[in-house]
Every structure is written in C-alpha cells, then in structure tokens.
Amino acid sequence: MEALYGFLQEVSNVVWGPIMLVLLVGTGLYLTVSLRFFSFRNWVRAYKCLWEGRKHQSEHGEVSPWNALMTALAADIGTGNIVGVATAIALGGPGALFWMWVTALVGMMTKFSEVLLSVHFREKTPAGNWVGGAMYFIKNGLGKNYIWLATSFAVFGMIACFGIGAMVQANSISVNLAKTVHVPEWGTALGLLFFAGIVLVGGVKRVGAVAGKLVPFMAVIYIVMCLIIIFMNIDRVPFVFWWVVSDAFTPTAAQGGFVGASVMMAIRMGMARGVFSNEAGLGSAPMAHAASTAESPLVQASIGMLDVFIDTIIVCSMTGFVILVSLDPAGQPLWSSGMGGGVLTAAAFQYNLPGFGEYGVTFCLTLFAFTTALGWCVYGERCVIYLFGDKAQKPFRVIYVCAVALGAVLALDLVWLLADIGNALMAFPNIIGIILLSPVLFKIVREEVKKDPRFVL
C-alpha cells in the first residue's frame with residue numbers, strides 16, 4: 001500500500017506539474033488574445049446577463065442561467081478557497097496570490113470557451129436531460145475519430161467526482177466538525193446522507209434551485225467575515241498589497257517558520273492552487289452550464305466566465321488578505337509562522353475574531369464543502385449518462401450519496417490522490433478539444449456578437 005501511495009504521489013506531481021500549468025495558462029492566454037480580450041471588454045455586460053438570467057429564457061435546457069452558474073460555483077467554491085489559498089501562501093509566499101490572479105484573468109476566457117462549446121454542441125437525451133461538456137463537444141465537434149478522447153474525459157470525470165466531489169468534501173466536513181464542535185464522524189455521516197439525499201434525488205433541477213439560494217448566502221457570509229478582519233487591519237492593507245505584487249517577481253526571504261520561496265515556487269503554487277480552485281480548463285463546470293435555458297451559447301458562456309472571477313479574484317483574495325494582514329500574539333506576520341493549510345486560515349480568523357472566528361470558518365467550510373459535493377454530483381451524473389445512458393442516472397445518484405456518507409468516516413489519503421489525478425487528467429482531453437475547435441469557436445463568437453448588440457468583439 002505504501003508503494004502504491006508513493007507511485008500515485010509521483011503521478012500526481014507529474015500531471016499537476018509545469019506542463020499542465022503551462023498548457024492551462026497558455027491556452028487561456030491564446031484564447032484571450034485571439035478573442036480580442038473579450039472577457040475584459042464584456043465583463044459588465046456579463047453581469048447584466050446574469051441578473052437577467054434569474055428566470056428561464058428559452059425552452060431549451062433545464063435550469064435558469066442564474067442557477068446554472070450557481071451550480072458551477074457550488075462546485076468551484078470549496079475547500080480550495082480556504083485551505084488551498086493558505087497552502088499556496090505558506091509554500092510560495094505572498095507572491096503566490098498575485099499568480100492566482102493572473103491565472104484567473106486568463107482562465108476566464110478558457111471557461112468562456114469551454115462553456116460556449118458545451119452549450120453549442122449539447123444534446124437532449126431520450127429522458128429529457130440536456131447534457132453537454134467536453135465529451136459532447138469533442139464527439140459532436142471533432143467527429144468519430146475523437147470519440148476515444150471524449151470517452152477518456154468522461155471516465156476521468158467519473159473517477160474524480162467520487163473522490164474530490166463526494167468523499168474528500170465529506171471528510172473535510174467531518175474533520176472540521178469533530179475538531180471544532182465535537183460532532184462524531186458517524187453523526188456527520190448520517191447528516192450528510194440525509195441532506196445530500198433529499199437534494200440529489202431531485203437531479204440537476206433541484207441542485208440548481210438549492211445552489212441558487214445557498215451559494216450567494218454562503219459567499220456573502222464568508223466575504224463579510226473576511227471584510228471585518230481586513231477593516232480591523234486596514235492600516236496593513238496597502239503594505240500587504242505591495243507585498244503581494246513585489247514578491248511575485250522577487251524571491252521571498254526566510255522568516256519565522258517560513259523557509260523562503262523562489263519566484264518559480266510562487267508562480268507554481270499560485271497557478272496550481274488557482275487552477276485547482278476555479279477549475280478553468282479542467283472541463284468540469286461546462287457540464288452544469290450545458291443545462292442552462294439561456295437564449296444563446298454566447299450569453300451562457302459570458303455568464304460562465306464570471307465563476308472564475310468570483311471564485312478566485314473575490315473569494316480566494318478574501319482568504320489571502322485575511323491571512324496576510326493577520327499577526328500572531330507576538331506581533332509577527334502569521335503567514336510566516338510555519339503553519340499551513342486550513343490550520344493557518346483558522347488561526348487567522350481565531351486571532352482576529354476570538355471566540356467566534358474558528359466557528360465561523362468551520363461553518364463556512366461546511367457549506368463550501370457540502371455545495372461542492374452537490375455540484376460534483378451533477379458533473380459525475382453527466383459523465384455517467386454519456387458512458388451508460390439515461391438508465392444509469394438514478395443508480396448513480398444512490399451510489400454517490402452513499403459515497404458522501406462513507407467519506408465522512410474513512411481516512412482518504414489514497415482516495416484524495418486518485419481524485420487529484422483524475423481531476424488533472426480531465427484537463428488534457430478538454431484543452432485538446434478546445435484548441436482543435438478554436439476556429440469553430442471564433443466563428444461562433446463572431447456570428448453571435450453580430451446578432452446580440454449587447455456584446456462587442
């Protein structure tokens with residue numbers, strides 16, 4: 001078992017290594033330039049479309065454009081926004097946050113592109129499910145010679161959903177509730193079995209409805225908590241902002257428990273954690289957006305790119321600034337104490353909001369992880385429908401809910417590694433499909449912009 005774990009760790013390091021990061025960020029940059037910085041020029045218009053998308057806009061699809069985005073955000077905003085940001089800073093220094101921003105800004109166009117292709121090439125199954133994603137735009141856009149590539153994406157997505165979507169999220173909830181409020185693991189497992197069951201049995205429509213209400217609620221609570229701490233330390237904010245920018249281009253010296261970090265380490269940690277958090281290029285979120293009733297693929301793609309901005313530029317930045325403005329009881333920067341991951345984030349909240357901060361983080365982490373499990377069920381379900389047809393939909397939901405409950409009571413180091421690898425491997429078919437279909441993508445965008453005066457190209 002130890003040898004297997006070591007082997008999988010090496011595989012994970014390779015698939016999440018520099019080649020992957022260059023591929024993801026490079027694709028985002030290529031799309032951003034080729035589409036004349038569409039994401040920056042139409043950012044405000046995208047928010048207007050989101051607000052208008054609170055109701056169904058056409059008879060095609062299952063959920064409103066708003067609920068489609070909230071389902072994707074439910075899966076995106078998770079433990080990575082709390083734990084992943086802290087890990088990036090603890091290993092890469094403050095400059096890692098800057099590279100998270102860079103990854104997000106170019107990743108917006110990657111998300112835009114994969115969502116547009118997913119909606120354009122989606123299908124309606126005999127059972128009435130509107131399904132899309134990389135497997136469908138590869139199959140329908142590139143033809144039968146690439147079906148193997150589409151199938152590989154669906155297989156990797158199915159593997160990832162049980163790990164990163166179900167069991168790992170449940171385990172994060174269980175560990176945090178046991179530590180903070182002493183809820184036994186079996187109690188968490190039963191609670192998750194009940195709540196996940198009543199939501200997921202209703203399929204994508206119920207997940208979308210729940211996400212449409214729960215995601216804004218949990219995001220606002222977390223952001224308000226972060227803003228309170230930031231305003232408590234407002235005198236340190238300009239210094240911290242300069243710190244983030246300057247350390248992105250210069251090595252960070254060792255201090256306290258921090259061993260120091262090179263510029264390359266800051267880049268790698270920032271980009272890796274950024275991609276892991278917002279999932280731009282991994283091909284997961286488009287499976288939720290493909291069920292949208294938006295009036296056109298361009299409208300939903302414009303809404304879809306906002307989840308990268310909301311997830312990373314807003315929510316991850318909140319976590320990063322809370323950590324960087326915080327001081328330990330001795331008056332030293334908390335981020336350089338040697339703590340990492342969720343421990344570092346929890347300490348930042350506890351030091352600034354004693355008696356409440358730790359519980360606040362636990363509450364937010366529980367909601368983040370729970371909604372991530374809901375969102376990933378939609379992704380896994382779409383992969384299963386592609387592989388086995390509509391008949392596999394209901395059995396999959398039952399198995400998935402059981403996996404959520406099981407994750408709350410198991411040690412998951414091996415499961416986490418398998419999920420991490422499956423998540424990364426989803427990106428390769430997705431990015432290959434986007435690049436090969438980029439001429440089609442550019443043509444669709446040009447034609448849609450001509451028909452919709454709200455957008456410019």
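The values are calculated or read from the model by the stated rules, or taken from the named source; none is laboratory data. These numbers come from a predicted model, not from an experiment. Cβ: placed from backbone, ideal geometry, glycine included. Neighbour counts: every protein chain shown. Areas reflect the complete protein model, heavy atoms only, side chains present, ligands, DNA and RNA absent. Shrake-Rupley method; radii C 1.70, N 1.55, O 1.52, S 1.80 Å.
On the given criteria, is GLY197 of a type outside the set (Phe, Trp, Tyr), surrounded by fewer than 16 Cβ atoms within 10 Å (Cβ to Cβ) and out of contact with any Gly (no Cβ under 9 Å at 6 or more places or on another chain)? Judged against the criteria, GLY197 is not a match.
Checked against (1) modelled with pLDDT of 90 or more; (2) among the hydrophobic types (A, V, I, L, M, F, W, C); (3) buried (at least 21 other Cβ atoms within 10 Å of the Cβ), MET232 passes all but a single condition, namely (3). In segment 107-144, the qualifying residues are those that are among the β-branched types (Val, Ile, Thr) and surrounded by fewer than 24 Cβ atoms within 10 Å (Cβ to Cβ), and the one that is nearest to the chain's Cα centre (by Cα) is VAL131. Evaluated against (1) touching a residue at least 40 places away in the same chain (Cβ under 8 Å); (2) on the phi < 0 side of the Ramachandran plot, GLY133 falls short on exactly one condition, (2). No other residue among LEU406, LEU410, LEU414 is modelled with pLDDT under 85 and over 26 Å from MET20 (Cβ atoms) apart from LEU410.
The C-beta contact set for segment 428-456 (first residue more than 14 Å from VAL299 (Cβ to Cβ), second residue of a type in the set (D, E, K, R) and open to solvent by less than 50 Å² (accessible area, probe 1.4 Å), distance under 8 angstrom, 6+ apart or interchain) comprises ASN430/GLU114; ILE434/GLU114.
Return the residue satisfying two criteria in turn: it lies in segment 37-46 and is farther than 16 Å from SER438 by Cα and of a type in the set (Phe, Trp, Tyr), and of such residues it is modelled with the highest pLDDT. Out of the qualifying residues, it is PHE40. It is to be established whether one or more residues within segment 85-98 are closer than 24 Å to ALA369 by Cα, outside any helix (DSSP H, G or I), among the β-branched types (Val, Ile, Thr) and open to solvent by less than 10 Å² (accessible area, probe 1.4 Å). The answer is no; no qualifying residue exists.
Quick one: which of ILE303, ILE310, ILE323 is among the aliphatic types (A, V, I, L, M) and open to solvent by 10 Å² or more (accessible area, probe 1.4 Å)? Being among the aliphatic types (A, V, I, L, M) and open to solvent by 10 Å² or more (accessible area, probe 1.4 Å) holds for just one of ILE303, ILE310, ILE323, which is ILE310. Within segment 20-36, the set of residues being at pLDDT 90 or above and either on the phi < 0 side of the Ramachandran plot or surrounded by 15 or more Cβ atoms within 10 Å (Cβ to Cβ) (or both) comprises GLY26, THR27, GLY28, LEU29, TYR30, LEU31, THR32, VAL33, SER34, LEU35. Restricting segment 153-187 to residues that are assigned to a loop (DSSP other than H, G, I, E, B) and among the hydrophobic types (A, V, I, L, M, F, W, C) leaves a set whose member that is surrounded by the fewest Cβ atoms within 10 Å (Cβ to Cβ) is VAL181.
When segment 137-167 is filtered for residues that are closer than 14 Å to LEU436 by Cα and touching a residue at least 40 places away in the same chain (Cβ under 8 Å), the ones remaining, listed by number, are PHE137, ILE138, GLY141, LEU142, TYR146, LEU149, ALA150. On the basis of being open to solvent by less than 50 Å² (accessible area, probe 1.4 Å) and closer than 22 Å to PRO251 by Cα, does GLY78 make the cut? When the stated conditions are applied, GLY78 does not pass them. For segment 350-383, the set of residues classified as open to solvent by 30 Å² or more (accessible area, probe 1.4 Å) and within 18 Å of GLY84 (Cα to Cα) consists of GLU358, PHE363, THR366, PHE370, listed by residue number.
Residue count for segment 329-363 satisfying the condition of being of a type in the set (Phe, Trp, Tyr), touching a helix residue (DSSP H, G or I) at 6+ places or on another chain (Cβ under 7 Å) and modelled with pLDDT under 85: 1.
Of the numbered criteria (1) open to solvent by 30 Å² or more (accessible area, probe 1.4 Å); (2) in contact (Cβ under 8 Å) with a residue 12 or more places away in the chain, the one LEU282 fails is (1). Of the residues screened, ALA347 is one that is of a type in the set (A, V, I, L, M, F, W, C), within 30 Å of GLY260 (Cβ to Cβ) and open to solvent by less than 40 Å² (accessible area, probe 1.4 Å).
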